[in-house]
Amino acid sequence: MDKTNNKLTQQDYKHQDKDSKSLVLGGIIVLLIAISPFLFYTYKSLPNDTQVWETFLFTTNTSYFSVNAFGWFLIGKIMPIYLLLLWFFTCKHWWHWIILVPLTMYIFQLWGIINQSKNFDEVELIYLLPLMMVVIPAVYVIRAKLFANIHKDDLMSFEEELGQKRSTWQQIKDLFR
């Protein structure tokens, strides 16, 4: 008589452990996204008709608008930063670096609100240009290289090309050939 072995192997335990960790991490990410509307509306709990808000932890003094409006502006910039950071750190696609451009834009806008400057939505493009001049061409070059090499019939030559040692200048020249 043959006995069937119902015991799980060590590899099966590792696979189940990996799946359960993935489910827990996915559940945490879903929870963080699901609470975002509740976090957004926290500004409604701030005082509406005053420019000074005193608590036992801190005192906030706004220059141009009420504490409630200041909170609305802050949350309006913090929530996209929060969601873009979640997206950036959980995205498995090759193009996820381009998320840094809108993320940086929102960070500059948040900085303008915190400093309470009157033109906080007007000058961040000037500061974003250097980042955009690096990130956008780099992402495009990665995309072009992937597209060209995936559509080639010979993947071995692609692996050999990746394994070759080249100078930095040669690598830059190869990007544009």
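Observations, loosely collected:
- Counting residues in the stretch 32-45 that are farther than 27 Å from GLN116 by Cα and not β-branched (Val, Ile, Thr) gives one or more.
- Among the residues here, TRP72 does not qualify as out of contact with any Gly (no Cβ under 9 Å at 6 or more places or on another chain), surrounded by fewer than 15 Cβ atoms within 10 Å (Cβ to Cβ) and not in a loop (DSSP other than H, G, I, E, B).
- Residue within the stretch 122-131 that is of a type outside the set (Val, Ile, Thr), more than 24 Å from TRP95 (Cα to Cα), assigned to a loop (DSSP other than H, G, I, E, B) and at pLDDT below 70 present: yes
- Of the residues making up the stretch 35-55, those that are farther than 10 Å from ASN68 by Cα and in contact with a Phe, Trp or Tyr (Cβ under 8 Å, 6 or more places away or on another chain) are SER36, LEU39.
- Residue match in the stretch 92-101 (condition: within 25 Å of the chain's Cα centre (by Cα) and outside any helix (DSSP H, G or I)): yes
- Lone unmet requirement of (1) touching a residue at least 24 places away in the same chain (Cβ under 8 Å); (2) more than 30 Å from GLY26 (Cβ to Cβ); (3) surrounded by 15 or more Cβ atoms within 10 Å (Cβ to Cβ) for ILE136: (3)
- Against the conditions (1) surrounded by 15 or more Cβ atoms within 10 Å (Cβ to Cβ); (2) more than 20 Å from the chain's Cα centre (by Cα); (3) touching a residue at least 24 places away in the same chain (Cβ under 8 Å), TYR64 satisfies every one except (1).
The values are calculated or read from the model by the stated rules, or taken from the named source; none is laboratory data. Being a predicted model, the structure only gives us computed values, none of them experimental. Please note: Cβ atoms are built from the backbone with ideal geometry, for glycine as well, and neighbour counts cover all protein chains shown.
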